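The values are calculated or read from the model by the stated rules, or taken from the named source; none is laboratory data. All of these numbers come straight from a predicted model, not from anything done at the bench. Every residue, glycine among them, receives a Cβ derived from its backbone with ideal geometry; neighbour counts consider all protein chains shown. All accessible areas refer to the heavy atoms of the entire protein, side chains included, with ligands and DNA or RNA removed. Shrake-Rupley method; radii C 1.70, N 1.55, O 1.52, S 1.80 Å.
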Amino acid sequence: MSTLASLTAHELAGRYRRGEATPTAAVTDYLARIDALDPQVRAFLTVTREEALRAAAEADARFRAGTPRGPLDGVPIALKDVLCTRGIRSTCGSKILDRFVPPYDATVVARLFAAGAILLGKLNMDEFAMGSSTEHSAYFTTRNPWDLARVPGGSSGGASAAVAADMAALTLGTDTGGSIRQPAAFSGVLGMKPTYGRVSRYGLIAFASSLDQIGPFAKDALDAALMLQAIAGVDPMDSTSVDVPVPDYAASLREGIDGLRLGVPAEYFIDGMDPEVEQAVRTAIGALEKLGARTEPVSLPHTEYGLAAYYVIAPAEASSNLARYDGVKYGLRVPGARDVIDMYSKTRAAGFGTEVKRRVMLGTYALSAGYYDAYYGQALKVRTLVRRDFQQAFERVDLIVAPTTPGVAFKMGEKEDPIQMYLNDIFTIPVNLAGLPGLSIPGGFTQTGLPIGLQLIGRAFDEALLLRAAYAYQQVTTWHSRKPPLA
Ligand code: GLN
């Protein structure tokens with residue numbers, strides 16, 4: 001139905017430059033598509049219609065004057081609702097922030113606005129980014145555009161579904177244990193988690209601060225490169241952002257992968273994984289070999305302990321980060337309390353959902369006196385071992401290739417047991433523990449038409465190589481240009 005909304009961001013930018021389309025036409029097209037499809041998909045928590053049309057008119061004027069700002073000028077984007085947007089409600093998928101309107105923009109948001117990108121709205125997510133399906137959103141569940149009975153993945157499920165359904169050209173999500181790569185795999189789009197410290201977290205509502213990173217969802221590798229270019233780089237407002245040079249990602253995409261050494265970790269092909277996923281990933285490895293890459297087996301022996309360590313470390317940090325929601329500083333306050341303690345507990349009881357409460361309790365317990373060394377201290381030691389596994393592998397190979405997830409998108413309500421939900425992230429979590437960059441690209445489809453994710457993992461700050469390999473793969477495959485069968 002739509003034409004402009006089906007294009008990649010770089011194709012759209014080409015039309016603007018040649019005067020064949022305007023940002024207003026693109027935004028109008030996208031808004032019509034959101035009106036038509038989002039009642040089914042439910043990716044958006046907020047649509048910023050007036051703001052988008054106003055920004056589009058300004059972008060039109062820049063193109064008319066011959067002074068566009070760069071490759072993202074006039075490109076319609078949307079953002080996971082974990083990112084603070086000045087004057088625009090930012091819920092983090094939670095009732096406790098239902099009416100929170102931030103007084104400032106996250107650094108990534110400010111940088112995208114400075115590049116001329118146009119915000120279409122804010123996207124659904126699991127509450128406080130805790131989950132793998134968006135079923136933990138306090139508002140509603142987003143549906144997978146490839147099969148509306150299935151989840152799009154999570155926690156950034158709104159951000160992956162919006163790109164998959166052509167309801168935004170590019171989106172931003174966050175990845176603490178897999179929340180960009182897993183929904184990218186389930187939704188059939190590219191999702192990239194940058195190296196810890198590559199992108200500023202200022203204005204990102206914190207879940208687990210030592211693991212959280214912001215990254216793009218895109219229709220192809222060039223679009224992802226343009227989005228990362230706009231948001232990457234040191235920020236004085238985030239002391240964990242790292243001052244290393246940001247290369248020109250788009251410029252090196254076409255260098256190919258001839259002679260690249262690719263590691264295939266035995267621990268990422270496990271009993272019980274979906275045979276169609278394994279088959280697709282092995283076929284994709286064959287395609288990378290044809291492009292000149294040499295593969296060799298590598299071992300990441302501590303992989304199996306990563307999940308357990310993560311489910312101590314992430315809840316521990318979350319229990320501390322979420323202490324700020326006390327009915328005083330932000331968002332919800334339940335009235336009619338007897339005293340301040342009563343107000344605090346009533347507000348948190350009403351404002352937080354079940355999964356968030358579970359994590360706060362787990363984290364508080366793991367950090368409590370007498371248990372700290374047994375749980376949190378041990379988990380940190382495991383984290384070091386996981387990081388060392390990768391360091392040793394990267395002495396021999398340049399990139400690691402693996403499945404993103406052991407299975408494909410599951411049905412809504414299928415994983416009610418929290419442990420079953422947690423198991424989705426066994427192949428993504430180690431990357432966060434080690435602070436490395438990783439991306440997921442469409443690497444095939446099941447017989448029934450569900451997307452399969454191919455994961456690439458790189459050395460710290462080597463996003464350029466990840467994007468280059470993804471680009472090379474996308475030159476010889478067409479998975480990324482398939483569209484979901486939405487009316
Ligand atoms: N699914 C994982 C969790 O629930 C990861 C979430 C994330 O990366 N934000 O914690």
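Below, the figures for the structure above:
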item: Assigned charges on the beta-carbon of Lys, Arg, Asp, Glu; the chain dipole about Cα centre (debye); result: 800 debye
item: Partner lysines for residue 122 [C-alpha distance under 19 Å; skip if fewer than 8 residues away on the same chain]; result: 80, 95, 219
item: Selection from 79, 149, 167, by position along the positive dipole direction of region 72-174 (Cβ); result: 79
item: From phi via Karplus (6.51, -1.76, 1.60), per-residue ³J(HN,Hα) for region 295-311 in Hz, x at Gly/Pro; result: 9, 8, x, 10, 10, 10, x, 8, 3, 5, 9, x, 4, 5, 5, 4, 7
item: Solvent-accessible area, 1.4 Å probe, carbon plus sulfur percent, for the chain; result: 54 percent
item: Values of log10 I(q)/I(0), in the order q = 0.13, 0.18, 0.24, 0.28 Å⁻¹, for region 312-386 under a Debye, Cα-only, solvent-free model; result: -0.46, -0.74, -1.02, -1.19
item: Amide H contacts of residue 46 (H built 1.01 Å from N, under 5 Å, at least 5 apart or other chain); result: 122
item: Residue-wise HN-Hα coupling along region 251-257, computed from phi with Karplus coefficients 6.51, -1.76, 1.60 (Hz; x: Gly, Pro); result: 5, 8, 4, 8, 6, x, 10
item: Restraint check, 290/415; 381/411; 329/381; 346/411; 329/357, Cα-Cα greater than 29 Å; result: 290/415; 381/411; 329/381; 346/411
item: Extension reserve of the residue 18-residue 368 stretch, reckoned as 0.36 nm per residue once the Cα distance is removed; result: 119.8 nm
item: Longest DSSP-loop-exposure-free segment, GluC sites (Glu not before Pro), the chain, at most 13 other Cβ within 10 Å; result: 21-394
item: Sparse-neighbour loop sites [trypsin sites (Lys or Arg not before Pro); region 330-394; at most 14 other C-beta within 10 Å; DSSP]; result: 338
item: Integer Hz, Karplus 6.51/-1.76/1.60 couplings in order for region 34-49, x for Gly and Pro; result: 4, 4, 6, 9, 5, x, 8, 7, 6, 7, 9, 8, 9, 10, 9, 4
item: Mean accessible surface per residue for the chain, computed with a 1.4 Å probe while every protein chain stays in place, in Å²; result: 37 Å²
item: Charge-dipole axis of region 1-70 as Lys and Arg at +1 and Asp and Glu at -1 on Cβ define it, positive-most pick from 4, 61, 44; result: 61
item: For region 335-487, Kirkwood radius (reciprocal of mean inverse C-alpha pair distance, Å); result: 19.3 Å
item: Amide H contacts under 5 Å for residue 118, placed H, 5+ residues apart; result: 74, 75, 77
item: Per residue Cα convex hull volume in Å³ - calculated over region 1-139; result: 109 Å³
item: Contact order normalised by residue count of the chain, Cα under 8 Å, 6+ apart, percent; result: 18 percent
item: Expected-Rg normalisation [2.2 N^0.38 Å, Cα atoms] applied to region 178-273; result: 1.24
item: Amide H within-cut-off set for residue 443, under 5 Å, with H built and near neighbours excluded; result: 452, 453, 454
item: Overall Cα dimensions of the chain - principal axes, largest extent first, Å; result: 65, 53, 45
